[in-house]
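So the structure is just underneath, and the comments pick up after that.
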Amino acid sequence: MEILVKEIAQIIHAEILGNPCFKVKGVSSFEDAGSHDITFACESKYLSDLQQTKAGVVIVPDTFKFNQDHYQNIIVLKTDNPKTSFFKLVSLFHPEKIKPPCIHSNADIGYNVKFGKNLIIESNVFIGDNVKIGNNVHIMPGVYIGEDVFIGDNTLIKPNVTLMEKTRIGMNVIIHPGTIIGSDGFGFTQDDNTHEKIIHTGYVDIGNYVEIGACNTIDRGTLGMTIIGNGVKTDNLVHIAHNVKIGDNALIVAQVGIAGSTRLGKNVIIAGKAGITGHVTIGDNTIVGPSAGVYADVPENQIVSGVPHMQHDRWRKVVRIISRLPEMRKTLFSFEKRLKNLENK
């Protein structure tokens, strides 16, 4: 595929600095781009020296002051959001392959299943009884769908996903391979030094425009619902326990664990490897830092880090002190010894 710079500028609403008739043949990263590729630069470390890239065209912020005499071999396109503009072009150069609607003969389909229009159901899919599937849904090989599941329009379910009974999936959802939604939570009662399993009768309700990463586990409610709000995005290897409720547009990064009955507000960000105990509330617009351990409620509009969690600025001070503790310990012992010597005189 080849496209002229002036045509790209029209697509992404960009200002051209350089040759508008230059032919772009591909998209690439800043480091790996070739002479006929287009890339983007947002961060100062890339913008400070555009000669680091061999790309023929670079998309930059419209606020960037570009000296065309200094960078004679580079064509620049200025936009208000270079990253968004660039990935619009990625989809242009690498369009999604469109498969015709079909239901594979190897699919195992139960009773009273209601299908929408234009479905793609691939091989070795199991669909239980009383399932409802909306329009334009694509279910890839090896997916298990239990009884009484609902799947909304335009949803993509990738290979080897498990949707246990009564799970509800909204519209325009993407679920990546190996994820399990609606399994029993980790619930037991102790009786005579044995652990008796608690029966889980709830289900998982996932909103619209949600993307669930690979190998997530989202447990059903013990009695009620586990709720994932609209626009939520989870990374790979995330665990969400029973009866957790996650507000709209939350971002949850890899290896996060959220214990039962915890509530996350809207626009919350949970960074990688953070652990959140059960029955706490994290307010709207709050950020939990990487590897943090949240043990109590966190108000809205906060940034917390550390174990146990605390205000991020305070945690930064704690981290700076930790590396000095061995020397501080020696100094403290030295003062103690001198104090005892003075007392003995």
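A few remarks follow.
- Of all residues making up the range 179-234, the number that are free of Cβ contacts under 8 Å to residues at least 24 places away in the same chain and on the phi > 0 side of the Ramachandran plot: 2
- The set of residues from the range 255-291 being assigned to a loop (DSSP other than H, G, I, E, B) and within 12 Å of T226 (Cα to Cα) comprises A259, G260, S261, T262.
- When residues of the range 289-333 are limited to those that are of a type in the set (F, W, Y) and open to solvent by 80 Å² or more (accessible area, probe 1.4 Å), the one nearest to I270 (Cα to Cα): Y295
- Filter result for the condition that a residue is at pLDDT below 90 and more than 30 Å from the chain's Cα centre (by Cα), over K330, K340: K340
The values are calculated or read from the model by the stated rules, or taken from the named source; none is laboratory data. As the structure is a prediction and not an experimental result, all values here were calculated from the model. Using ideal geometry, Cβ is built from the backbone for each residue, glycine included, and neighbour counts are taken over all protein chains shown. Heads up: the accessible areas ignore ligands, DNA and RNA and are worked out on the full protein's heavy atoms, side chains in. Shrake-Rupley method; radii C 1.70, N 1.55, O 1.52, S 1.80 Å.
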